[in-house]
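**Student:** Below you'll find the structure I mean.
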Amino acid sequence: MASTRRHFLQGTALGAAALPGGLAQVTGKSPNDHIQFATIGIGGMGTGDTESAMRVPGSKLVGVCDIYQGRLDRAKEVYGSGLYTTRDYREILSRKDIDYVIISTPDHLHAPLSIAAMEAGKDVYVQKPMVQKWEDGLKVVEAARKTGRVIQVGSQRVSSVVYQKARQLLQSGAIGELNMVEAWWDRNSAIGAWQYSIPLDATPANIDWDRFIGGAPKREFDPIRLFRWRNYQDYGTGVAGDLFVHLFSGMHFVTGALGPNRVFASGGLRFWKDGRDVPDVLLGLYDYEKTPAHPAFNLALRVNFVNGGGETSGFKFTGSDGVMTIGNGVTLSRLPKEKNPGTSAGGFDRATQALILAENRKKYPPQKTDLENGEPLANERWLAPRGYSDQDEHHANFAAAVRAHKPVTEDAVFGLRAAGPALLSNLSYYSRQTMAWDPINMRVKA
Ligand SMILES: NC(=O)c1ccc[n+]([C@@H]2O[C@H](COP(=O)([O-])OP(=O)(O)OC[C@H]3O[C@@H](n4cnc5c(N)ncnc54)[C@H](O)[C@@H]3O)[C@@H](O)[C@H]2O)c1
């Protein structure tokens, strides 16, 4: 089978200094001014976000906040002993020299911190899922509207050249009429299943426990619940909020879908029985009704943290004329269209068979196949440039929006439309009910 491989052209938002100068007047910043940011929650992802943000030309880190002293010590080790650090995020928000904050805390703090930051006049890059509870989503949307601040949610696929290519292919009809999307994310390791290391100095002296708890139910100090917060419904959002949400964001970007109308999820806790109260295997089914952007289609999602066969993740879009996958790049496979529908006469007597066959031959004289005609079968692959980072690209897009005070694609509404069905998957799993979602108004339907 013939196959072609193409690389995306460089020259996307990364490094693109050119921004609409007229818009810059809104914030009084010119595209070349540097912008200053602080990171709240500088654990695994907060560190990754900080690094990506610092790679955007003209962006400067001026402070970090975390409730565990070890994280602050580490930040000084990496970014210099002069770095401003605090355990209280309000001290970050009250500083006048900070244009935006990165919020990379556990999920239950995303909504309150994002709202507080926007009300304090900061633009916000908040990690996914935008909210821990779908009801809080509308409050974030409203805060963004009221304050006029730029808020971007951290599902980086939305800025990826790979997903842009997939969107373009789908819109150009490359796979005909879409009827189904499948996506999965399988793991098989302790770290992959969120069993992160607990530092030896995790004591109340080094950790502001009450600030971690925030609005979650009060509890005695327990470092496991802080360092492995994803394992508990009080702070995390299970595999649906952690991983399905990325799949929703990517898929909504590619299809232009706003969200499903019906959600059903099933699964269980099969292996990682370490005290967690969330499943390690989850399957979700979602109905997307026809909209001006896409035909009606079904979505099936899977996360399996106990896949002994290996760790994989990917996307498969099935249409009437082909299949598009997203994994390491985008792949398109299309079966050449058969003009001859063929016959199924084998069970009839010989004379009848002969008549049916003759009739078919007459109507569809034998032709050479595409391969015999020298035409390759349509099977193409596009890859991102070597070393490409959608995470860096997402931060570059955000920084450009902060400078020019212009909207971003993955704003609060987009963020809620991705988080909503992910969070409803949990509600469906625990209640064993099918959930109805209104993707336009972004709320659960009774
Ligand atoms: N976009 C992605 O690909 C991606 C990948 C990983 C994680 N994430 C998201 O990033 C967020 C952080 O995840 P993580 O893996 O870095 O977790 P983590 O536990 O490594 O980091 C969270 C940090 O927040 C700190 N924290 C807790 N309460 C705080 C408070 N009140 N104020 C300030 N800091 C506080 C913790 O001490 C910790 O250092 C999550 O929302 C997660 O879903 C996104």
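What follows draws every value from the coordinates through simple rules; no lab data is involved. Owing to the predicted nature of the structure, the values given are computational and were not obtained by experimental measurement. For neighbour counting, all protein chains shown are included, and Cβ atoms are generated from backbone atoms with ideal geometry for every residue, glycine included.
**Student:** Do you know which residues across region 86-114 are surrounded by 21 or more Cβ atoms within 10 Å (Cβ to Cβ) and away from the ligand (no atom under 11 Å from the Cβ)? Steps first, please.
**Tutor:** Step one: list which residues in region 86-114 are surrounded by 21 or more Cβ atoms within 10 Å (Cβ to Cβ), which gives 89, 92, 98-111, 113-114.
Listed by number, the residues that qualify are I98, D99, Y100, A111, S114.
**Student:** Here is a follow-up. Can you tell me which residue among L424, L416, L357, L332 is more than 16 Å from the ligand (Cβ to nearest atom) and within 30 Å of T147 (Cα to Cα)?
**Tutor:** Of the residues listed, the single one that is more than 16 Å from the ligand (Cβ to nearest atom) and within 30 Å of T147 (Cα to Cα) is L424.
**Student:** Looking at P204 and the list (1) touching a residue at least 24 places away in the same chain (Cβ under 8 Å); (2) away from the ligand (no atom under 13 Å from the Cβ); (3) surrounded by fewer than 21 Cβ atoms within 10 Å (Cβ to Cβ), which single condition is not satisfied?
**Tutor:** Of (1) touching a residue at least 24 places away in the same chain (Cβ under 8 Å); (2) away from the ligand (no atom under 13 Å from the Cβ); (3) surrounded by fewer than 21 Cβ atoms within 10 Å (Cβ to Cβ), only one is false for P204: (1).
**Student:** Which members of region 211-227 meet the condition of being more than 9 Å from the ligand (Cβ to nearest atom), part of a helix (DSSP H, G or I) and without any contact (Cβ under 8 Å) to a residue 40 or more places away in the chain? Can you show your working first?
**Tutor:** Going through region 211-227, the residues more than 9 Å from the ligand (Cβ to nearest atom) turn out to be 215-225.
Right, trim to part of a helix (DSSP H, G or I) and you get 223-225.
Those that are more than 9 Å from the ligand (Cβ to nearest atom), part of a helix (DSSP H, G or I) and without any contact (Cβ under 8 Å) to a residue 40 or more places away in the chain: P223, R225.
**Student:** So which of E338, E311 is at negative phi and surrounded by fewer than 13 Cβ atoms within 10 Å (Cβ to Cβ)?
**Tutor:** E338
**Student:** Still on this structure: If K165 meets every condition in (1) surrounded by 15 or more Cβ atoms within 10 Å (Cβ to Cβ); (2) within 12 Å of the ligand (Cβ to nearest atom); (3) not small (G, A, S) apart from one, which number is that one?
**Tutor:** Every condition holds for K165 apart from (2).
**Student:** While we're looking at this one, here's another question. Which residue out of F244, F264, F253 is within 30 Å of S160 (Cβ to Cβ), of a type outside the set (A, V, I, L, M) and in a strand (DSSP E or B)? Quick ask: steps written out before the conclusion?
**Tutor:** Working: F244 fails: in a strand (DSSP E or B); F253 fails: in a strand (DSSP E or B).
It is F264.
**Student:** Being within 10 Å of the ligand (Cβ to nearest atom) and on the phi > 0 side of the Ramachandran plot narrows it down to one of G121, G41, so name that one.
**Tutor:** G41
**Student:** Are there any pairs with C-beta distances below 9 angstrom linking a residue in region 82-95 that is under 19 Å from N206 (Cα atoms) to a residue that is aromatic (F, W, Y) and near the ligand (Cβ under 10 Å from one of its atoms), with the two at least 6 apart or on different chains, and if so which?
**Tutor:** Hits for this filter: R87/Y68.
**Student:** Could I ask something else about it? Specify the residue that is nearest to the ligand (Cβ to nearest atom); the eligible residues are those in region 58-85 that are assigned to a helix (DSSP H, G or I) and charged (D, E, K, R).
**Tutor:** It comes out as R71.
**Student:** Quick check, is Y100 in contact with a Lys or Arg (Cβ under 9 Å, 6 or more places away or on another chain) and of a type in the set (S, T, Y)?
**Tutor:** Values: in contact with a Lys or Arg (Cβ under 9 Å, 6 or more places away or on another chain): yes; of a type in the set (S, T, Y): yes.
When the stated conditions are applied, Y100 passes them.
**Student:** Additional query: Looking at W184, W194, which one is away from the ligand (no atom under 14 Å from the Cβ) and either touching a Ser or Thr at 6+ places or on another chain (Cβ under 8 Å) or part of a loop (DSSP other than H, G, I, E, B) (or both)?
**Tutor:** None of the others qualify; the one that does is W184.
**Student:** Still on this structure, please answer the following. Taking the conditions exactly as written (on the phi > 0 side of the Ramachandran plot, touching a Pro at 6+ places or on another chain (Cβ under 6 Å) and assigned to a loop (DSSP other than H, G, I, E, B)), does G275 satisfy them or not?
**Tutor:** When the stated conditions are applied, G275 does not pass them.
**Student:** Of all the residues that make up region 228-242, how many are more than 9 Å from the ligand (Cβ to nearest atom) and at negative phi?
**Tutor:** Pass one, region 228-242, residues more than 9 Å from the ligand (Cβ to nearest atom): 231-234, 238-240.
Cutting the leftovers down to at negative phi gives us 231-234, 239-240.
Selection size over region 228-242: 6.
**Student:** Among the residues of region 409-445, write down those that are charged (D, E, K, R) and in a helix (DSSP H, G or I).
**Tutor:** R417
**Student:** For L170, indicate whether it is near the ligand (Cβ under 10 Å from one of its atoms) and surrounded by 16 or more Cβ atoms within 10 Å (Cβ to Cβ).
**Tutor:** no
**Student:** Scan region 254-269 and give yes if some residue there is buried (at least 17 other Cβ atoms within 10 Å of the Cβ) and within 13 Å of the ligand (Cβ to nearest atom), otherwise no.
**Tutor:** Checked region 254-269: no residue is buried (at least 17 other Cβ atoms within 10 Å of the Cβ) and within 13 Å of the ligand (Cβ to nearest atom).
**Student:** In region 393-446, how many are of a type in the set (D, E) and more than 15 Å from the chain's Cα centre (by Cα)? Even if it seems obvious, please write down each step before you answer.
**Tutor:** Here is the first cut: in region 393-446, the ones of a type in the set (D, E) are 393, 410-411, 438.
If we keep only those that are more than 15 Å from the chain's Cα centre (by Cα) as well, we get 438.
Residues flagged as of a type in the set (D, E) and more than 15 Å from the chain's Cα centre (by Cα) within region 393-446 amount to 1.
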